[in-house]
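Participant: This is the structure I have questions about; it appears just below.
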Amino acid sequence: QVQLVESGGGLVQAGDSLRLSCAASGRTFNSYAMGWFRQAPGKEREFVAAINWSGGSTYYSDSVKGRFTISRDNAKNTVYLQMNSLKPEDTAVYYCAARSWMKTATALEEYDYWGRGTQVTVSS
């Protein structure tokens, strides 16, 4: 079992930056690939970014590529999402997810554990 707790969300203005963190429980964190997803009101949850077990491979959705950076610190059991140049359309609840496999994935159903989410609101 893995428990995930997100933090770092908030209300910011367009163009600002935020860094989200996701703290994971358990001693096998470095055997999980990790992902960030988001869900805006009235929309389906969508993939944002993913990172493999070592941090050596990352993948991003086209909508955030070049603005967001996913990283992980296996010594701290934490994965991060650095979000720069935020836009109002980035407003959503952001969820951290863990996959019981070392490689990255973009589909929701490929992730086994989910956090409860953290709200990010970007005003124009």
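Participant: Regarding segment 20-33, can at least one residue be identified that is farther than 17 Å from residue 5 by Cα and modelled with pLDDT under 95?
Facilitator: Yes, segment 20-33 contains at least one residue that is farther than 17 Å from residue 5 by Cα and modelled with pLDDT under 95.
Participant: Looking at segment 85-115 only, could you name the residues that are in contact with a strand residue (DSSP E or B) (Cβ under 7 Å, 6 or more places away or on another chain) and loosely packed, with under 15 Cβ neighbours inside 10 Å? Show your work before the answer.
Facilitator: Step one: list which residues in segment 85-115 are in contact with a strand residue (DSSP E or B) (Cβ under 7 Å, 6 or more places away or on another chain), which gives 86-88, 90-99, 101-106, 108, 110-115.
The answer is 87, 88, 102, 103, 112.
Participant: Take residue 56 and decide whether it is open to solvent by 30 Å² or more (accessible area, probe 1.4 Å), out of contact with any Asp or Glu (no Cβ under 8 Å at 6 or more places or on another chain) and at positive phi.
Facilitator: Here the answer is no, as residue 56 does not meet what is asked.
Participant: Here's something else I'd like to know. What number of residues in segment 69-79 are assigned to a strand (DSSP E or B) and either open to solvent by 30 Å² or more (accessible area, probe 1.4 Å) or touching a helix residue (DSSP H, G or I) at 6+ places or on another chain (Cβ under 7 Å) (or both)?
Facilitator: 4
The values are calculated or read from the model by the stated rules, or taken from the named source; none is laboratory data. This one's a predicted model, so the numbers in the text were calculated from it and none came from an experiment. Quick reminder, even Gly has a Cβ in these numbers, built from the backbone with ideal geometry, and neighbours come from all protein chains shown. Ligands, DNA and RNA are stripped out before the accessible areas are found, and what is left, the full protein with its side chains, is counted by its heavy atoms. Shrake-Rupley method; radii C 1.70, N 1.55, O 1.52, S 1.80 Å.
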